[in-house]
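The structure appears below as structure tokens.
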Amino acid sequence: MTSFLNHFNAPAWCHRLTHIPQHFVKLGNLNTPINEWSLPGVPSKFKVHIKRDDLTGSTLSGNKVRKLEFLFADAITRGCKHVITCGSIQSNFARTTAIAAAQLGLKCHLILRHPDIEYTTATKQTKDGPIQYKDCTANLPFDGNVLLDKMTGASVYLIPKASKYETDIKPRMEKLADHLKKETGEESYLVPVGGSNTTGLYGYLTAFQEMMDQGVLEQFDDIIFTCGSGGTAAGLAIGNYLNQSKIRIHAITICDNKDYFVEHINDTLRQIGLGDETSADDIIDIIDGYKGLGYGLSTDDELEFIYSVCRDTGIVLDPCYSGKGALGMLKELANNPDRFQGNRILFLHTGGTYGLFDGKMDSFLHKHKQSEPVIMWEKVEDLF
Ligand SMILES: *Cc1c(COP(=O)(O)O)cnc(C)c1O
């Protein structure tokens, strides 16, 4: 497995950071292109381009691939044979981790939050008291990302949607690692939600270097994208800060809130040795207000937007992240134009395509697009 390791030459502007990875594994198809995007509804003063991080791969697509290049290198360097991570049932990060693990020969374990599971009253005794759970494994559809998780042979464990990382999920990841160690003698590598730690951070620090190589600093005034666990936001904001660039970074939240991400980025700054010189509020604009019904839930307006963007521009957004982010961007450009530093906008498409295949878009199209039906050829031929 060590044959997958490549020496990492960190950009010179990273050299004063305290945690610099020694290695990376090549997973992504980089560099990703930047194209003009004729997104309908953009106020005439602005011009929007799109950086296609949905094209970092096919099954290995989206922003998580960049983080995993450093996380898997760390796992391999440490001799781990298992990787354990977590997410929601349709997690893009879980799917990307499962595919990368299969490519690199590690065994993958996914602890996934599922909306149909609730712990209520007693059926099973634990040290914290009795819990009950509804077993929904039998009817679990292998759709969207879950299909790919299963195709890779990853072990999938379901927990309630309301589970919190620090109190519910992390202890389970540690317990599973202990169990695997006892059973197999092998070590596990634990990856926090979204891969957003100081190792995964290098995914978007190096993406910032890639963007500089592509001329982004000269060609754009603002970069905007969707924020879910904060790693992409931290990487781009810190890269932008260390280069003293004039670009302004904007992150649209689709879960938690601004305070949560400010704290995440401030924690990251402290961990890499920049805590005394800057803070999240100085280096990034975090935008709340576009969560809609909440994480993983979609309104008809959001699905209509994703549909119309695909129809009008051929860019496929996803319901959980990039759709909400792009819709939020349009609304901010229209209602809050002064929040942007200039009029040359770069939207970073963070991926998520497989989330489209979880059934929501299917039911939306059936319900609302009756005027654009699928037609039997035999029925129309008479009309021609
Ligand atoms: C995870 C994810 C994000 C959010 O990125 P973070 O680094 O976790 O904030 C955005 N878009 C898509 C498609 C994702 O899968």
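Before moving on, here are some points about what is shown:
- Annotation: the antiparallel percentage among DSSP beta bridges lying fully within the chain is about 20.
- Spacing of the two label points (7 Å from each Cα toward its C-beta) at Asp259 and His7, in nm: 4.8
- Positive minus negative residues near Gly144 (Lys, Arg vs Asp, Glu; Cβ under 10 Å): -2
- Label separation (Asp338 vs Lys26): 5.0 nm, computed from points 7 Å beyond Cα along the C-beta direction.
- The chain, helix-only ellipticity at 222 nm - DSSP H runs n ≥ 4, -39,500 (n - 2.57), divided by all residues, nearest 500: -11000 deg cm²/dmol
- Computed from the alpha carbon positions, the gyration tensor of the chain leads to an equivalent ellipsoid with semi-axes of 32, 30, 20 Å, biggest first.
- Label sites at Leu383 and Glu36, each approximated as a point 7 angstrom past Cα along Cα to Cβ, lie 3.6 nm apart.
- Hits among lysines - C-alpha to C-alpha of Lys182 under 17 Å, sequence gap 8 or more where chains match: Lys81, Lys107
- Stretch gain in nm, segment Tyr157-Gln103, where the contour uses 0.36 nm per residue and the Cα spacing is subtracted: 17.3 nm
- Proximal lysine pairs, the range 233-384, alpha carbons under 17 Å, eight or more residues apart or interchain: 7
- Ordering Glu302, Glu263 by the number of other Cβ atoms within 10 Å of each residue's own Cβ, fewest first, gives Glu263, Glu302.
Bear in mind these aren't lab numbers, they're just calculated from the coordinates by the rules spelled out. Quick caveat, the model's predicted, so the values are computed rather than measured. When we count neighbours, we look across all protein chains shown, and the Cβ atoms used for this are built from the backbone with ideal geometry, even at glycine.
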